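Since the structure comes first, as C-alpha cells, the remarks are kept for the end.
Just so it is clear, none of the values below were taken in a lab; they were calculated from the coordinates. Computed from a prediction, not measured in an experiment: that's the story for all the values here. For neighbour counting, all protein chains shown are included, and Cβ atoms are generated from backbone atoms with ideal geometry for every residue, glycine included.
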Amino acid sequence: MKKKSLISRLFVFAGAYKYLTILGMIFSSVSSALLLVPILFIWQGLSLVFNMYPNITMTNSLVKYAWLSVGTTILAVLIYFFALACTHLSAFRVARNMRYKSITHLMNLPLGYFNASGSGRTRRIIDGAASATETYLAHQLPDLVGAFTTPIVVLVLLFVFDWKIGLISLVPTILTIITIFAMFGKSRLDMMKKYQTKLENMNNEAIEYIRGIPVVKAFGQSIFSFKKFHKSIIDYKEFVIVYTYSMRKFMVLAQSFTSITPIVLAFIGILLIVAQTDPKYFLLNFLFYVLFTPICTTMVMKIMFTSQNTMLAEDALNRVEELLNEKPLQSKKELEFPSSFDIQFNNVSFKYPNAQNNAIDNINLNIKQGSTIALVGPSGGGKSTIAMLIARFADTSSGSIKIGGVDVRDIKESELMKNISFVFQNTNLYKESILDNVREGNPQATVEEVMRVLKIARCEDIIEKLPDGINTVVGTKGTFLSGGQAQRIAIARAILKDAPIILLDEATAFTDPENEHEIQLAFKELAKGKTVLMIAHRLSSTQNASNIYLVQNGNIIEQGTHKELLKEKGEYNSMWNEYQKAFIWKEGGVL
Ligand SMILES: Nc1ncnc2c1ncn2[C@@H]1O[C@H](COP(=O)(O)OP(=O)(O)OP(=O)(O)O)[C@@H](O)[C@H]1O
Ligand SMILES: [Mg+2]
C-alpha cells in the first residue's frame, strides 16, 4: 500500500486548522514571488543609469524605483509574517493534538506494554515527534513552498527575456537539482531511519548504564560489564561514518555546482559580448541574469536542506503512528465484575511479544475464593508473569483465565482494575506525600482512614522518622524509603483500596529480617477475607498458604500445602532445607 504524503498524514492531527496551514503556504508563496520584484525595480533603475551614461544625474524616476523596491520588500516581509503566523497556529495545534492523541491512546494500552517498552522511549517518541513536526509545519513547509515559488518565477522571467541565455545560465542550477535528486533516493530514507534507530538505541543504553552504576560500584565490576552500551556507541559511530561518506560525493558536487554559477555566467558573458552590435544593451540584459540566476541556485540548496528535515519529520511521524497502531486490549462483552472470586487458569501459556520461548507453559491452577495460594521458585521461573496475566496486563497466548467463572477478557477493564489490588515486586512510590501515595488506593479517603491503614500495614515506625509525617513528599528532604518500606506503604494503599482480589509480588530487594517480619504482619491484615495470590521469595511466608505452587521454567513442577510438599521430599523440600540453613546462619540459630 502506498503511504499517504507527509502533509496529509500530519493533517490528520490538524482538524480545521489545516486550512490555516494552506493559507500560510499561499502567503509564503506570494511573499517569495513579491521578494523578486524589488530586484526588477533595481534592474530598471540600473537601466536608466546605463542609458544616461556618461551624464548620470538623480532623476525622479530613479527615486521612484528606489521607493518602489523598498515598498515591495516591506510588503513581502509583512506577507511572510502573516504566513508564519498562520502556519505556527496550525503547527501548535497539530503538536498539541498529536500529544493528546498519543497519550489518550497510551492510557488504553495493556499495562504490559509499559513493561516491554521503556517509559523513556515512549516519552521521546511523543515529544520528539511533536517537536519535529511542529518545526516542520511552522517553518519548513512555508519556506519550502516559497523556495519552490522563487525558481519558477525566476525561470519565467529568464525565459521571457532571452530564452537562450536563460537556458545556458541555468546549467549549474539544473546540475545541482539532478545531484540532489540522486542524493535523496529511497535508500537515503532507509539510512535516515537506521540513523534514528541507532541513536535511540544508544540513548536507551546510556540510561541503562546510568541506572547500573550503583551495581558496578558495589560489585567492583569494570566498565566491561556495559558491553551493550559500548557496542551501541561503536555501532552508531560506524554507521555515521559510512553514512557521512556516502553523502560526501553528492554534497561536494552540489556545492560545487552552486558555487560555479558566477564563473559560468562570466564565461558566457565574455563569449557573447564580443559578437554584439550593441554591447551596452547586451550588458544590461546580461546584468539581469547575473542578478537572478544565483537566487535560483540558492533556493535549490534551501530546498535540499529542507528535504533533510522533511525526512526527520517523516521518521518522527512514523514512530508516533506506530504507537497509535498499538492495539488496546478488546473486551467484547464488557461485563461487570463477577460476584464470586474464584480464580482459575486453564492451560495458560504466554509468550512475551519479542521473546523466543513461552514465559509460562500450560499452567493450570485454582485459587478458591477467600483462600491464599503461594507461588515459589527460582528467579525467572514465571511467577510475576502469572500474576500479571490475572490483572490482564497482557492477554494469554493460549488458554484462559477465569474469575468467578467469567473470562477476564470479557470483563470491563475498569471493573477489573477496581477489584484487583496489585502490590508489585518493585514498588514505585510517586513523588508526592505519603498521604497522597496511600490515597491512590481510594482518593476519597479521609486522613483518619489513611492513618488507620498505615497502622494496619505497620508503617507507623516509617512515618515517625519522617520530618513532616504523612505529609512528607517521597524523594525530597533526604526521604528515601527502602524497598521493603516502600512495599509496606504500597500494602497500606492496597488495604485502603479494599479490593476482593490481591496479587502480592513480594519484594526481593530487602533483606532486613525486621522489615520482612513487619511485611508479613502487614500482609496478613491485607489478606484477611480476600482471594490472594502471593509470590513468596522467602519461604517463611508460605506456610499458611492453602496451596503452594512451585514454578520453574514456566511450568508448575510441584504443588500442595507446606506439609504435603515437605513429605514429597522433592524440590520444595530441598529449597526449604536451604532456606533454613541460610536463616540459621544469618540469625544465629533462632527460627
Ligand atoms: N517484558 C518482558 N519481555 C520479555 N521477556 C520477559 C519480560 N518479562 C519477563 N520476561 C521473561 O519471562 C520469564 C519469566 O519472568 P518472570 O518475571 O515472570 O519471573 P519471576 O518468576 O517473577 O522471577 P523473579 O523471581 O526474579 O521475580 C523470564 O525468562 C523473563 O526473562
Ligand atoms: Mg518476579
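Observations, loosely collected:
- With the convex hull drawn over the C-alpha atoms of segment 1-150, the volume per residue is 138 Å³.
- Rounded to two decimals, the Cα-based Rg/Rh of the chain, with Kirkwood Rh, is 1.18.
- Of the peptides 348-355, 309-316, the ranking by mean beta-carbon count within 10 Å, highest at the top, reads 309-316, 348-355.
- Gain upon complete extension [K465, S259; 0.36 nm per residue less C-alpha separation]: 66.9 nm
- Pairwise label distance in nanometres, L284 with Y352, each label 7 Å out on the Cα-Cβ vector: 8.0 nm
- Largest first, the three principal axis extents of the alpha carbons in segment 93-189 are 68, 30, 16 Å in whole numbers.
- For K569 and Q520, a Förster radius of 25 Å and the Cβ-Cβ distance give a FRET efficiency of 0.40, rounded to the nearest 0.05.
- Distance histogram in 5 Å bins (all Cα pairs of segment 246-317, percent per bin): 3, 13, 18, 17, 13, 11, 8, 7, 5, 3, 2, 1
- Calculated diffusion of segment 343-587, Stokes-Einstein form, Kirkwood radius summed over Cα pairs, 10 °C and 1.306 mPa s, µm²/s: 85 µm²/s
- Alpha-carbon Rg with Dmax, taken over segment 6-325, Å: 26.5, 91
- Too-long pairs where the Cα-Cα distance tops 30 Å, listed order kept, from K302/K327; K18/K237; K524/K581; K193/K412: K302/K327; K18/K237; K193/K412
- With one equal scatterer per alpha carbon and no solvent term, the Debye-computed log10 I(q)/I(0) for segment 392-467 at 0.13, 0.19, 0.23 1/Å reads -0.58, -0.92, -1.13.
- FRET E, pair F181, Y245, Förster distance 22 Å, beta-carbon r, rounded to 0.05: 0.65
- 10 Å binning of all Cα-Cα separations within segment 311-365, expressed as whole percents from 0 upward: 16, 23, 33, 18, 9, 1
- Straight-distance crosslink candidates among aspartates and glutamates, where the alpha carbon sits under 13 Å from K563 and sequence neighbours closer than 8 are dropped: none
- Axis of helix 186-218 versus longest Cα principal axis of the chain: the two differ by about 40°, to the nearest ten degrees.
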